[in-house]
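Down below is the structure, laid out as structure tokens.
The values are calculated or read from the model by the stated rules, or taken from the named source; none is laboratory data. Nothing here was measured: the structure is a model prediction, and the numbers come from that model. Glycine also receives a Cβ, built like all others from the backbone with ideal geometry; neighbour counts cover every protein chain displayed. We work out accessible area using only protein heavy atoms, side chains counted, and drop any ligands, DNA or RNA first. Shrake-Rupley method; radii C 1.70, N 1.55, O 1.52, S 1.80 Å.
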Amino acid sequence: MKQKSFGFIQAGFSSIFFGCIPFFTLPLYEAGYTSDLTLFYRFFVASVFMGIFLVLTKKSFAISFKSLCCIMLHGANYFFIALFLFLALRYADSGLVTTIFYTNPIFVLLLSVLFFHEKLEVYKLVLILITSFGVGLLSGFFSEGLVISFSGLVLSLLAGIGYAVYIILLIKLPAHDVSREVFSFYLFLFGALTALLYMLLFGKFIFAATMPEWINILGSALVTGVISNMLLISALPKIGAVPTVIIGVLEPLTAVFIGILHFGENMTFEKALGIIIVVCAIILLTVIPNLQKNSI
């Protein structure tokens, strides 16, 4: 299998696994966990998973100071992206938050063009707009009675821009002297430390005491943390930033299916149309480059 095709598959599964977040986090919220506490457990347990893996595979934890600083930046940014997103959900409807956040491919495209002089390909811009419309349908953005909150709007926008910066920096500011596994270990570790510092200043800490809580924490850390991010880090060099974030719309699509199959939510015409649009856009994303290449 070609590297680029494998990259598309990795990016797709990364988004699907990341879309499982509601499956693991909603029960924790119902148990009284706050956003920052949930993120702390997710990052900390993920770092433990990665640490155990490194020990078992006898890989070195050694890292240069320059790479350590890069990963500290990535880890702190990763925490605040998730925090802004979760806080936005407190001030605005999920439809608004999801739609605004998943306009991040636009920011990735703009940052790539403005700061790294990458070529602006029209088909990518069109597909971004199509997928944004599809996500809007999936999340109920066009439904009647949607509450527009300025705080929710700003926080969603900050989360989307932060994620775009995170994706760009993963490509442009890599830690050259470490493997994906070592990178992920330090990424989760610094994400956990940032979350812990935030909790000490603004929140409260709760010890996970029950088996269901630990099952959801472990699932969130392993599925939506370790596996998802390892696939993302591996896919980015193969297919680039813009295709990766466009494929990222599989995340809300997965969340919709989880809501329908697990939480008993209804399948509406808007959601069905949104699914079709998103899937078609992703298929076009993989087909158009090959058509362009063959026409040369």
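Rounded to the nearest Hz, the phi-derived 3J(HN,Hα) couplings of segment 162-169 under the Karplus curve 6.51 cos²θ - 1.76 cosθ + 1.60 (θ = phi - 60°) are x, 5, 4, 5, 4, 5, 4, 5, where x marks glycine and proline.
Our coupling estimate for segment 247-254, obtained by passing each phi through the Karplus curve with A = 6.51, B = -1.76, C = 1.60 and θ = phi - 60°, is 5, x, 5, 5, 5, x, 5, 4 Hz, Gly and Pro reported as x. Length available on full extension from Arg180 to Leu200: 0.36 nm per residue minus the Cα-Cα distance, which gives 4.2 nm. Extension gain for the segment His262 to Leu26, taken as residue separation times 0.36 nm less the Cα-Cα distance, is 83.8 nm to one decimal.
Protein heavy-atom accessible surface, 1.4 Å probe, per residue over the chain: 49 Å². As a fraction of the 1.4 Å probe accessible area of segment 1-105, surface on carbon and sulfur atoms comes out at 73 percent.
Placing dummy labels 7 Å off each Cα toward the beta-carbon, the span from Ala272 to Leu68 is 5.7 nm. Karplus-based coupling profile of segment 49-63, in residue order and whole Hz: 4, 5, x, 4, 4, 5, 5, 5, 8, 6, 8, 6, 8, 4, 7, with θ = phi - 60° in 6.51 cos²θ - 1.76 cosθ + 1.60 and x standing for Gly or Pro. Under the convention that each Lys and Arg Cβ holds +1 and each Asp and Glu Cβ holds -1, the size of the dipole of segment 176-296 around its Cα centre is about 220 debye.
Scanning the chain for chymotrypsin sites (Phe, Trp or Tyr not before Pro) in DSSP loops with at most 16 neighbouring Cβ atoms within 10 Å leaves 62-141 as the longest stretch between them. Considering only trypsin sites (Lys or Arg not before Pro) in DSSP loops that have at most 12 other Cβ atoms within 10 Å, the longest stretch of the chain without any of them is 205-296. Do the sum for the chain: with -39,500 (n - 2.57) for every DSSP H run of n ≥ 4, divided by all residues, what is the mean residue ellipticity at 222 nm, to the nearest 500 deg cm²/dmol? Result for the chain: -25500 deg cm²/dmol, rounded to the nearest 500.
In this structure, the pairs whose alpha-carbon distance is over 18 Å, taken from Lys172/Lys238; Lys2/Lys58; Lys59/Lys238; Lys66/Lys172; Lys4/Lys124, are Lys2/Lys58; Lys59/Lys238.
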